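Chemist: Handing you this structure, nothing more for now.
The values are calculated or read from the model by the stated rules, or taken from the named source; none is laboratory data. Keep in mind that this is a model prediction, so the values were computed, not measured. Reconstructed Cβ throughout: ideal geometry from the backbone, glycine too, with neighbour counts over all protein chains shown. Accessible surface is based on the protein model in full, side chains and every heavy atom, while ligands, DNA and RNA are left aside. Shrake-Rupley method; radii C 1.70, N 1.55, O 1.52, S 1.80 Å.
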Amino acid sequence: MGRFYITTPIYYVNDAPHVGHAYTTLNADALARWHRLNGDETLFLTGTDEHGQKVADAAAKHDMTPQAWTDRTSARFREAWDALDVSYDDFIRTTEPRHYESVQKFLGAIYENGYIYKGVYQGLYCVSCEDYYTVEASDHGNCPIHGRPLTEMEEENWFFRLSAFEDRLIEYYDTHPGFVTPETKRNEAYAFIKGGLRDISITRTSIAWGVPVPWDERHVFYVWYDALINYLTAIGYGRDDDRVATWWPWSHHLIGKEIIRFHCVWWPAMCMAAGLEPPSHVQVHGWLLVGGQKLSKTMAAEGGVKLTDIAPVTLTEEFGVDPLRYYLLRETALGNDGEFSYEGITQRYNTDLANNLGNLVARVATVVGSKCAGVAPAPDPRSELAAIAESTVETAASAWEHFAPHAALEATWALIGATNAYLERHAPWKMAPGEPVERVLGDALEVIRLVAVLVSPAMPGVSRELWRRLGLAGSPTDELARESLVWGRYPGGIAIEKGEPLFPRINEAR
Ligand code: MSP
């Protein structure tokens, strides 16, 4: 048992939440849920990034003040996460007073330590990235990510002496091999540092929508500079030293690959400059893309749908919350790019959920009904499934520990597959009532109990429903959950419920 502090990026509130945001948040949620189940004291933080030009522009476009606009859009993120059963412990908004206080104290400390100075900045700016590019890094004067023309900007700014941290960053990477995972992303960040670091401009006078610079009120902090500090605001930086000492530096920042430089170069350097340890781990994931196919009839756009056009809630109406969660976690290994497709989610649903898990549950319940009068038998302690189940638990636990939800689920589904094969082989539906049939069914029920616990990080609703149908008291994720992941705990002798099909098949041809 230990502590587990996991964060998502805080999302810009220039627009509504989309499936890409849900991808990160759901992975973080599942990881948090696994750690809670494991008995770890867990803190799961998400939230919204509300300053900067991009958000100010969106507010103006909608004829609203930035504050009114961010209030509205931030609420949409919270609603989306509530609808997706996201168990965040704290939802931070960068416009909250607690954040202003932490940002001003943190940057005040960097200023006091002599790492901030005044200079003139001239460069090419992309509002969508909220970032400057050099001419060489630009794509013929356009943003390399958004493809839009960059704007020439010149400002008198305060600068952070990032260049002073080159050697310390390299040393930190060398002595902390697990700082950034996966390795390919770590190498990318490392190469960037090795390539030489330039000081960065951290304030703006051109906009007013930001956290005021305490020593020069004409300036506000540049949005990225205030945003990163949210990870410390939430644990009480500048307000509650004991709480900071409890959680820092043992944090796990889950991020998309486009914000590596901010999290793996700037952020550790900022922490060093403020006299803090850098965060202990950044887990980078790839991008989820839509291969251009039309997603579904209910998603009105014809062809060429962008991932950013898809509201996660629309998908839950079609597939259900837990199947969407399962698909997003199961399909792509964290770190790789993945593809989101209507065909893909339908296929996962029909194969893994309807055919494998759904079928296992339905056939066991039916045969317990016909051969055992609906009363569940207990498992055989020496069942051939026991060893498979226990090695599944080990594999899944290690996968969760290593930020590999897809591998944890893959292992769980191998157990489900082995159990379906076991049933096929023994065909309890053909056996006469009595001890042999009871043993086979008891074993299958025990697998379902273990599966209920193992799938709980990914599919909390399905997990609870399985538990209920098995006639078990309490919840699959109570404080004894981790200890209950051993063979033979299903007591038997209880009435089980057959219920409706858990995952009615989806017609693939629609
Ligand atoms: N506000 C900054 C982050 C500040 S963190 C201190 C930001 N916000 S964002 O709204 O643009 O969200 C970016 C994050 O959303 C990505 O890093 C990733 O986690 C998630 N994703 C956005 N689009 C995505 C995909 N297409 N695929 C996977 N993740 C996606 O950057």
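Chemist: To the nearest 0.05, how large is the calculated FRET efficiency for Ala418 and Arg489 if R₀ is 25 Å and r is the Cβ-Cβ distance?
Modeler: Here the calculated transfer efficiency is 0.85.
Chemist: Expressed as an acute angle from 0 to 90° and rounded to the nearest 10, what is the orientation of the C-alpha long axis of helix 97-112 relative to the principal long axis of the chain?
Modeler: 50 degrees
Chemist: If I take every Cα pair under 8 Å that is 6 or more residues apart in segment 350-484, average their sequence separation and divide by the length, what percent do I get for the relative contact order?
Modeler: 28 percent
Chemist: Hey, which lysines would be in cross-link range of Lys194, C-alpha to C-alpha under 20 Å, not counting anything within fewer than 8 residues on its own chain?
Modeler: Straight-distance partners of Lys194: Lys185, Lys257.
Chemist: Okay, next question. Taking amide H positions as placed 1.01 Å from N in the peptide plane, with prolines and chain starts having none, which residues 5 or more places from Leu288, or on another chain, fall under 5 Å of its amide H?
Modeler: Counting only residues 5 or more places away or on other chains, the set is Gly338.
Chemist: Starting with the highest mean, order 9-17, 382-390, 263-271 by the number of other Cβ atoms within 10 Å, averaged over the residues of each peptide.
Modeler: With the highest mean Cβ count within 10 Å placed first, the list reads 263-271, 9-17, 382-390.
Chemist: Mind checking which of Gly358, Ala75, Gln104 is farthest towards the positive end of the chain's charge dipole, using Cβ charges of +1 (Lys, Arg) and -1 (Asp, Glu) about the Cα centre?
Modeler: Gly358
Chemist: I need the phi-derived Karplus couplings for segment 46-62: 6.51 cos²θ - 1.76 cosθ + 1.60, θ = phi - 60°, integer Hz, Gly and Pro marked x.
Modeler: Per residue, the Karplus-derived 3J(HN,Hα) values read 9, x, 10, 9, 10, 9, x, 4, 4, 5, 4, 5, 5, 4, 4, 4, 9 Hz.
Chemist: If amide hydrogens are placed 1.01 Å from N in the peptide plane, which non-local residues have theirs closer than 5 Å to the one on Ile92?
Modeler: HN-HN under 5 Å from Ile92: Thr46, Gly47, Thr48.
Chemist: Test of understanding: what is the full-extension gain from Thr65 to Ile170, defined as 0.36 nm times their sequence separation minus their Cα-Cα distance?
Modeler: Answer, rounded to one decimal: 33.5 nm.
Chemist: Separate question: Angle check, please: helix 321-331 long axis (alpha carbons) against the longest principal axis of the chain (alpha carbons), in degrees 0 to 90, nearest 10.
Modeler: Once rounded, the angle reads 80 degrees.
Chemist: For a quick protection proxy, order the peptides 126-136, 167-177 by their average other-Cβ count within 10 Å, most packed first.
Modeler: Ranked from most to least packed, the peptides come out as 126-136, 167-177.
Chemist: Accessible area per residue for segment 3-285 in Å², computed with a 1.4 Å probe and the full protein assembly in place, what is it?
Modeler: 38 Å²
Chemist: Computed over the Cα atoms, what is the radius of gyration of segment 3-285 divided by 2.2 N^0.38 Å, N being its residue count?
Modeler: 0.96
Chemist: In debye to the nearest 20, how big a dipole does segment 315-446 give about its Cα centre with +1 on each Lys and Arg Cβ and -1 on each Asp and Glu Cβ?
Modeler: 540 debye
Chemist: Roughly how many percent of the accessible protein surface of the chain is carbon and sulfur, given a 1.4 Å probe and a whole-percent answer?
Modeler: 50 percent
Chemist: In whole Å, how far is the Cα centre of segment 315-349 from that of segment 2-75?
Modeler: Computed from Cα coordinates, the inter-centre distance equals 20 Å.
Chemist: For the pair Met1/Ser391, report the inter-label distance in nm, with labels modelled 7 Å from Cα in the Cβ direction.
Modeler: My value for the distance between the label points is 3.1 nm.
Chemist: Determine ³J(HN,Hα), in whole Hz, for all residues of segment 370-377 in sequence, where each value follows from phi through the Karplus function 6.51 cos²θ - 1.76 cosθ + 1.60 and θ = phi - 60°; x replaces Gly and Pro.
Modeler: Those phi angles translate into 7, 9, 10, 6, x, 9, 5, x Hz.
Chemist: Relative contact order of segment 3-285: what whole-number percent is it, with Cα pairs under 8 angstrom and at least 6 residues apart?
Modeler: The value is 22 percent.
Chemist: Can you list the cysteines of the chain that have no other Cys Cβ under 4.7 Å away?
Modeler: When partners are defined as cysteine Cβ atoms under 4.7 Å apart, the chain leaves Cys264, Cys271, Cys372 without one.
Chemist: Take every Cα pair under 8 Å in the chain that's 6+ residues apart, average their separations, divide by the length, and report that relative contact order as a whole percent.
Modeler: For the chain, the relative contact order is 16 percent.
Chemist: On each of the three principal axes of the Cα atoms of segment 11-124, give max minus min coordinate, whole Å, ordered largest first.
Modeler: Over segment 11-124, Cα extents along the principal axes are 50, 40, 28 Å.
Chemist: Output ³J(HN,Hα) for segment 247-254: one whole-Hz value per residue in order, computed from phi by the Karplus curve 6.51 cos²θ - 1.76 cosθ + 1.60 with θ = phi - 60°, and x for Gly and Pro.
Modeler: Along segment 247-254, the couplings run 9, 9, x, 8, 10, 10, 9, 8 Hz.
Chemist: Suppose every Lys and Arg Cβ carries +1 and every Asp and Glu Cβ carries -1, with no other charges. What dipole size does segment 3-285 come out with about its Cα centre, to the nearest 20 debye?
Modeler: 220 debye
Chemist: When the scattering of the chain is computed by the Debye formula from its Cα atoms alone, each counted once and equally, what is log10 I(q)/I(0) at q = 0.09 Å⁻¹?
Modeler: -0.69
Chemist: I'd like the antiparallel share, as a percent to the nearest 5, of DSSP beta bridges with both residues in the chain.
Modeler: So the antiparallel bridges in the chain amount to around 45 percent.
Chemist: Please label the shape of segment 350-484 as rounded, prolate or oblate, based on the square roots a ≥ b ≥ c of the eigenvalues of the alpha-carbon gyration tensor (a/c under 1.5 means rounded; beyond that, a/b larger than b/c means prolate, else oblate).
Modeler: It comes out prolate by the Cα gyration axes.
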